[in-house]
1. Sticking to Cα atoms, compute the Rg of chain A to one decimal and its Dmax as the biggest Cα-Cα distance, whole number, in Å.
2. Taking a quarter of the surface of the convex hull around the Cα atoms of the range B:166-214, what do you get in nm²?
3. Between A:Ser15 and B:Leu320, what FRET efficiency follows from the Cβ-Cβ distance if R0 is 25 Å, with the result rounded to 0.05?
4. Quick one: what does P(r) look like for the range A:1-133 with 10 Å bins over all Cα pairs, in whole %?
5. Can you list the DSSP H helices in chain A whose Cα atoms extend at least 24 Å along the helix axis and whose mean Kyte-Doolittle hydropathy is 0.0 or higher?
6. With +1 on each Lys and Arg Cβ and -1 on each Asp and Glu Cβ, and nothing else charged, work out how big the dipole of the protein assembly as shown is about its Cα centre, in Debye to the nearest 20.
7. Are any of the pairs A:Lys160/B:Lys38; A:Lys2/B:Lys210; A:Lys105/A:Lys334; A:Lys166/A:Lys204; A:Lys233/A:Lys334; A:Lys233/A:Lys259 more than 30 Å apart by Cα-Cα distance, and if so, which?
8. Rank-order B:302-309, A:321-328, A:196-203 by packing density, defined as the average count of other C-beta atoms within 10 Å over each peptide's residues, highest first.
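What follows is calculated from the coordinates using simple rules that are stated; it is not laboratory data. Computed from a predicted structure; not experimentally measured. Please note: Cβ atoms are built from the backbone with ideal geometry, for glycine as well, and neighbour counts cover all protein chains shown.
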Amino acid sequence: MKKKLKIAAVIIIISSAYLFGRVQRQILDDINMTSAIGYDYVDKDTVKATAVLPVYKPDQSVGNRTITASDELSKKTLSKINRQAARQVVNGKTEVALYSKKVAKQGIGGLVDSLQRDPSISERMMIVVVDGEANELLNKKYGDRDTGVYLSMLIEQNMKAGLVPKTNLHQFLNDYNSELKDPFLPLIEQKNEDIYFKGIALFKDDHYVKSLRQDQQFIFQALSENLRLGTYKLRLKNNEYAAIENINTKNSYRVQNVKGIPEINIHVKVKGIIREYTGRKTDEKEINLIRKQVEKDLEHQAAAMIRTFQRLKIDPLGFGEQVRSRTRNFNDRKWLEHYSDVKISVRAKVSIIEKGVVD
Amino acid sequence: MKTAIKNEFLVSPFLVFFLMHGMQYGVGVLGFQRDIVKFVGHDAWISILIIGILVHIIIWMMYSMLNKDKGDLITIHQRTFGKWLGNLLSLLFIVYVLAESITVLRSYIEIVQVWMFPLLKTWPFALVFLLSVYYVVSGGFRIVTGVCFLSVLLPSYLILTFFVPIPFSNFRNLLPIFDHSIYEIAKSIKGAAISFSGFEYLLFYYSFIKRPASSQKWAHYGNLVTITLYLLVMIVTLGFFDQGYLKKVLWPTLMMWKIIELPFVERFELIGVTSWVVVMLPIVCLMLWSASRGIKEMFKLQQKKVLVFLLLICFLICCLLMERETIHQYNKWVATVGFYTLFGYIPFLFVCYHLRFKVRKKG
């Protein structure tokens, strides 16, 4: 009798757990996974979200379908997008989030919140700012993949090649939540049939304030990370051009006078190989000339760029973080107050280690 | 008052290593960083080192009492404070053990609900989990130890995952060292000490160890491994997150798993959280085993019946804790009680116990 009771209890427990312990099923063939999502400005409170859904066709090619919806909240747009989709739309595989410049100017903190709060979003997700309409960019199909995967491949390839600073959702959130540092994101633009990188979008908190042009990008990257594979083009005085590739950079920060208004000296070591030179010969004298020229250019660009940062009171390179890590009892407010008066100087040291296989 | 336990129920001394480390390395690992960082920011790793040393001292204290007594917490209490007061204190300790087991289980279910299945109800999970706890505990202490042993070995591959965020980290975040006052460090220790709890169960299972006095070194090794792992996780966390961001994140360890990218699985946390069941099971098992064993000792009841009763309480309270805020409040409450029990009451007991013997010898 007792044994029967026990067996009955076990059966009841297991069957009730089986009946009530179920969660929703998501079978891969029955859901739509967004591969990219873009946000455009409608009016002050409303954003228009565009989701890219890859369509896998029977002949193994991948199509592109976009759905657009607008609402005040970005999660709400997903449910609106769901109303237009035959299969449930989920965002676990979203690889790229795009924000149009206009949205970014309004501040993307609220929109990013839906990404950071969602456990199914990868920390490696790419975020980019679009010069123009994100909707237009996403509506087109590029290459043989769907737009989302194409974009993520494009960005990843450029980051690996050192042409675009390494950013992802995690880095953005780190900088955005930091008291001292301000975030930056790659800026892309659609031109004709292609997407290309236009520069770097600089933020103050979550507001877009300015973009860096392509020619300032190299020194920006050299100051923010240690580059592995950079490229740099320079124009010499005698109207000759030289291209330096495979550039390794290493930056070291020195901070003086941490008690008062600090002074920051940054040394950037640049090592590269000459890959192209329109002049006649690359002898020692020429190379020295190129070397000096690069040093001068870099220092010049850096000084101008940092002046702009100080004028706008933004700190995308993390100078504040450098000072904080060298100061006891660091005072955030005092630093932010004095930020525009801080003396920051950049010294570049260039060495050209090879010049290819011809003289 | 020594209750002789048959040789066949005893476990080898080296298994204390797994009992010690397995119990300490639990649900706390997934989110302990917050409670420390709140107070000391980038100096959090110092607090962990200090907690580690404190735990070593308390393990030494427990062994010094147990080696003399050759019993467990119940007999120590009875000898120090007399039968009635001693039993009352043991009962309070058991209530704390039960409260902690509920914290552990509910926190884990919350993680499953937030990170994996938002629609999962609490009670079916708790029911199935506690059923397996009953199955393990009713098998006796040797089975509990076996599960503990596996729970350390099976998910040990997860240690590798803590190295993945390093390329995305900036270890300048850790500087300058010693930037916080002693007071702030003390406060952080109070906040986070509960994550390192689990060593106190030695007071219950001591008499189940063969040649118990020789197991002390294994207990210390266990704690050493725990502290090393916590230290590793903490340092990687501090490098990986900016302070401002870290203060917002509820489960930093799980957040770090989000950076892992594998060709066959998009979201690694799902594997991590699932693997964590193996880590959680022996913790709840040993807690409930200790509680039921203690009650059995005191009131001479049948352990299985006590166990069913305790499981029922555990189950009911688990289901009653519904929202994030209530769970958080409950956890905070248990953490405070736990801190005073482990780092206040055990040293107090240690002093009382030895004083009592000194006085008796004289008299």
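1. 25.8, 104
2. If you wrap the Cα atoms of the range B:166-214 in a convex hull and average its projections, you get 6.9 nm².
3. Here the calculated transfer efficiency is 0.55.
4. Pairs per bin, as whole percents: 11, 34, 25, 12, 9, 7, 3, 0.
5. In chain A, the long hydrophobic H runs are A:2-20.
6. The dipole of the protein assembly as shown has a size of about 2880 debye.
7. A:Lys160/B:Lys38; A:Lys2/B:Lys210; A:Lys233/A:Lys334; A:Lys233/A:Lys259
8. In decreasing order of mean packing, B:302-309, A:321-328, A:196-203 become A:196-203, A:321-328, B:302-309.
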